[in-house]
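The values are calculated or read from the model by the stated rules, or taken from the named source; none is laboratory data. Source: prediction; values computed, not measured. Neighbour counts run over all protein chains shown; Cβ positions are idealised from the backbone, glycine included. For the accessible areas, the whole protein counts, side chains as well, though only heavy atoms, and no ligand, DNA or RNA atoms are used. Shrake-Rupley method; radii C 1.70, N 1.55, O 1.52, S 1.80 Å.
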Amino acid sequence: MDKLIHDDKGNVTISNDGATIMKLLDIIHPAAKILVDIAKSQDSERKCDFSSKYDTRIYIGMRLLAFSAKGKVGDGTTTVVLLAGEFLKEAKPFVEDGVHPQNLIRSYRTACNLAIEKVKELASSIEGKSLDEKKSLLAKCAATTLSSKLIGGEKEFFASMVVDAVIAIGNDDRLNMIGIKKVPGGTMRDSFLVNGVAFKKTFSYAGFEQQPKKFVNPKILLLNIELELKSEKENAEIRLSDPSQYQSIVDAEWNIIYDKLDKCAQSGAKIVLSRLAIGDLGTQYFADRDIFCAGRVSEEDLQRVAAATGGTVQTTINNVIDEVLGTCEIFEEKQVGNERFNIFNGCPSGTTATIVLRGGADQFIEEAERSLHDAIMIVRRAMKNSTVVAGGGAIDMEISRYLRQHARTIAGKSQLFINSYAKALEVIPRQLCDNAGYDATDVLNKLRQKHALPSGEGAPYGVDINTGGIVDSFSNFVWEPAVVKINAINAATEAACLILSVDETVKNPKSESAQGEATASAMGGRGGGGFRGRGRGMRRR
C-alpha cells in the first residue's frame, strides 16, 4: 500500500518505496534511526549518514551495519525494515523475561548464517542462456519488483523497457548512464525508451528556429566554452592616443568570436553542444550554415552524450580533429507533451539509455521514477549475480520451515530463540496477504502445510495475490535475485542484534540539565528538589 507524506513546506509525496518513506520521516529516536540507515544502505549506492552519536556502541555498530549492508542492491528496503522490526518484536518477550541479550544475539547470528546458506542452496542460476532467454528471465525479475508499485498495472510494459535500458549500458557500472526524464501529460503507455540520449531543449537565442531539426549520421562537437560576446571581466583600462585605434580594439573582440565560430564550422560538425552559453551571434551563425547548436547543456547530459556518441568534451576549439567528434545514426528534435526534446538515437558506443516517463500528476511520475530505480537495480544485480530465488514469500517460508526443523536438534534456550527468528521470517508472506486484502492466517496455514511436505516439492510455493491462495512462485516467474534476499536478511539481523546489544543510553549531561531546568521552571519549583541524588531519576524516600 502507498503512503502519503506531507511535510512542513507543503510538499506531498506518495510512495510505497521503503527507503523514500524512511528518508522523509523526521526520526529522532536513535534506535529507530538505525532502521532508517539500514533502509538507506539497502537502497542506495551512497554512504549512510551516521548522525546519531548517543552511544559509542550504536555509532560503531552502525559502521559495522553499513559494512554488512554495503551490497548496494537497490531494492528490498521495505523487506529489511519489516524483518528488523519483527526480529525485535519476537525478541522482546525474552528480554522482558530476563534472558541476557547476548544469548539472543548469538542465536540470531547462527540463524542468520543458516538462512543465508539455505538461500544459496535454493537459488537457481540463469547463466549460460541465450540473449532472448536472458531478456525474458530478467523481465520476470523486473515485473516481480514492479508488481507492488503504483505502476504495477503496466509492469510488463515497463519491465521490458528496464531490461532493454540495462542491457544497453552493458558492463558500465555508472547508474547515471540510464537517464530518466519526466514529462507531465499523456498516459503511462506514452513513455518510451531512447537507445541513446534525450534531453530537454535548452535555453535558445534568436535564429534557433532556422536551424535544421533532423540529421542522419551527423558529426557532433562537444564543448565546454562560451560562444558569445562577453564584456571584459577584469577592470581593464586601455589608454588610446589615437581615436582610430578604438575601432581596432572593438574589431579584435569580434574577430576572436568569429574565429571560434569558423573553427567550429570547419571541423565538419553538424551538431554543436556546449555546457556554457551559445549566444545569439553564434546561434544565427550556425543557422546560416545549417548547423544545429545547443548551449547550457547540463553536465550530466553532456557526459552521457560523450559516452554514447564516442566524442570528447573540448575546452578549446583549436586543432579539433575527427577523433574527438562523436556521431550517431539519427538526431532529431521531437515534441514530447509540452516539451521539446533533443534525441540522439543509434549511438555507436551504446553505453547509455534514456527513459522518457509520461503520466498525469507530478507525484505519480515521481513515484514511477522511484519504482523504475528499484527495477533497474534488480535487473543489474540479476545480470551480475545470475542466481534467483522464488519470490512471493516462498523463500521466507522455506527458510522458516528449515530453521524450525533445525531448532529441534538443539538442546537448550537457543532452540526457542531460533524458533522465534523462524517465526519472524513469516512476516513477509503475512504482509503480502494483508496488502492484497486476503486472510493472512488462512493463507499462511496453507503455505506451512505445503512447505512441510517431506518430498520438498512445496519449497517454491508462495502467496498468490491474484486469487488469495498459494501458487508455485518459481514456475509463475515471480523471482527475485538471491543477493537481494541475502543482503536483506543480513542487514535486518545486524540491525536487530545491534539494538539488542545496547543496554543503556548515554546522553549529553548539558542537554539533560537544560531539560531539567526547563521542567523545574514549568513546575514552578514544586517538588523539584525531590529528584536530586538518585540515579535514573528515583524519588528520595
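In segment 20-39, the residues that are closer than 18 Å to H373 by Cα reach residues that are open to solvent by 40 Å² or more (accessible area, probe 1.4 Å) and at pLDDT 80 or above with C-beta atoms within less than 7 angstrom, at least six apart or across chains, in these pairs: T20/R370; I21/K3; L24/D7. In the set Q415, Q405, only one residue is under 17 Å from K450 (Cα atoms) and free of Cβ contacts under 8 Å to residues at least 24 places away in the same chain; that residue is Q405. Are any of the residues in segment 524-541 under 30 Å from S107 (Cα atoms) and at pLDDT below 85? Checking segment 524-541: not a single residue is under 30 Å from S107 (Cα atoms) and at pLDDT below 85. Out of E367, E329, E339, E323, one residue alone is among the acidic types (D, E) and either modelled with pLDDT of 85 or more or in contact with a Pro (Cβ under 8 Å, 6 or more places away or on another chain) (or both). It is E329.
Looking only at segment 305-331, which residues are within 20 Å of I167 (Cα to Cα) and open to solvent by less than 70 Å² (accessible area, probe 1.4 Å)?
V305, A306, A307, A308, T309, G310, C328
When segment 404-436 is filtered for residues that are among the aliphatic types (A, V, I, L, M) and more than 19 Å from L82 (Cα to Cα), the ones remaining, listed by number, are A407, I410, A411, L416. Within segment 345-359, residues that are without any contact (Cβ under 8 Å) to a residue 60 or more places away in the chain reach partners that are open to solvent by 30 Å² or more (accessible area, probe 1.4 Å) and outside any strand (DSSP E or B) with beta carbons closer than 9 Å, at six or more positions or on different chains, in the pairs P348/G310; P348/E329; S349/G310.
If I ask for residues that are surrounded by 11 or more Cβ atoms within 10 Å (Cβ to Cβ) and more than 17 Å from I220 (Cβ to Cβ), which ones from segment 252-268 would you list?
Residues satisfying the conditions are E253, W254, N255, I256, I257, Y258, D259, K260, D262.
Of all residues in segment 493-513, those that are more than 13 Å from A32 (Cβ to Cβ) have Cβ atoms under 9 Å from Cβ atoms of residues that are at pLDDT 75 or above and of a type in the set (S, T, N, Q), 6 or more apart or on another chain, in L500/Q102; S501/Q102.
Look at I5 and say whether it is over 14 Å from the mean Cα position of the chain (by Cα), surrounded by 12 or more Cβ atoms within 10 Å (Cβ to Cβ) and part of a loop (DSSP other than H, G, I, E, B). No.
Scanning segment 474-488 for residues that are assigned to a strand (DSSP E or B) and of a type in the set (A, V, I, L, M, F, W, C) gives a single hit, W479. In segment 102-157, the residue that is most open to solvent (accessible area, probe 1.4 Å) out of those that are among the polar types (S, T, N, Q) and under 29 Å from K3 (Cβ atoms) is S148.
Would you confirm, using the coordinates I've provided, whether R296 is modelled with pLDDT of 85 or more, open to solvent by 10 Å² or more (accessible area, probe 1.4 Å), in contact with a strand residue (DSSP E or B) (Cβ under 9 Å, 6 or more places away or on another chain) and at positive phi? Yes, satisfied.
Of the residues I167, I178, I278, I271, which single one is surrounded by 14 or more Cβ atoms within 10 Å (Cβ to Cβ) and touching a Ser or Thr at 6+ places or on another chain (Cβ under 8 Å)?
None of the others qualify; the one that does is I178.
A Cβ distance below 9 Å, combined with a sequence gap of six or more or placement on separate chains, defines the contacts here; from segment 243-256, residues that are closer than 11 Å to L229 by Cβ reach residues that are at pLDDT below 80 and open to solvent by 100 Å² or more (accessible area, probe 1.4 Å) in the pairs E253/E232.
Kindly evaluate N195 against the criterion of being over 19 Å from the mean Cα position of the chain (by Cα) and within 21 Å of M377 (Cα to Cα). Answer is yes for this residue. Taken together, the residues in segment 143-167 that are in contact (Cβ under 8 Å) with a residue 60 or more places away in the chain and aromatic (F, W, Y) amount to 1. Screening segment 199-213 for residues that are aromatic (F, W, Y) and touching an Asp or Glu at 6+ places or on another chain (Cβ under 7 Å) and picking the one that is surrounded by the most Cβ atoms within 10 Å (Cβ to Cβ) gives F199.
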